[in-house]
Amino acid sequence: MALTRDFKDTILERVNRDAQFAQALLDEAATLFLNNETETARLILRDLVNATIGFEELAQKTEKPSKSLHRMLSQKGNPSMDNLAAIFGAVRTRLNVGIEAHSVKLPHSKQKSALVSATA
């Protein structure tokens, strides 16, 4: 069966009608970044930016060129910690949520994993 809808359109519509879904995407992006799954995190964050604030407004808020922000959130992007914090901050402000992080001990492992939750 052929895909009849673009995935990005589906994300955009869902984010616009479901604040909890948008918050869950922000949670997932932050958790993935903190757990060193940066490529997937950037792509989720890019979709969230497209569905909420948009790259032009993000460029104004972060004082970075839109084209640079697109590169930062591409599959091979490499945003600095300052730029990443600014991007998360702009999206967090748009969604009117806070972000909390804490570490938890993983079962059967001495490694710790970061858990993140966005709170409204």
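None of the figures in this text is laboratory data; all of them are computed from the coordinates on show. Keep in mind it's a predicted model, so treat the numbers as computed, not measured.
For this structure, a couple of remarks:
- 26 Å tail of the calculated P(r), the chain, as % of Cα pairs: 21 percent
- Cα-based helix-to-principal-axis angle, 81-95 vs the chain, degrees rounded to 10: 70 degrees
- With Cα atoms, 0 to 90° folded angle of helix 19-34 axis to the chain main axis: 50 degrees
- Under 29 Å between alpha carbons - lysine pairs in the stretch 7-119 that sit 8 or more apart or on different chains: 8
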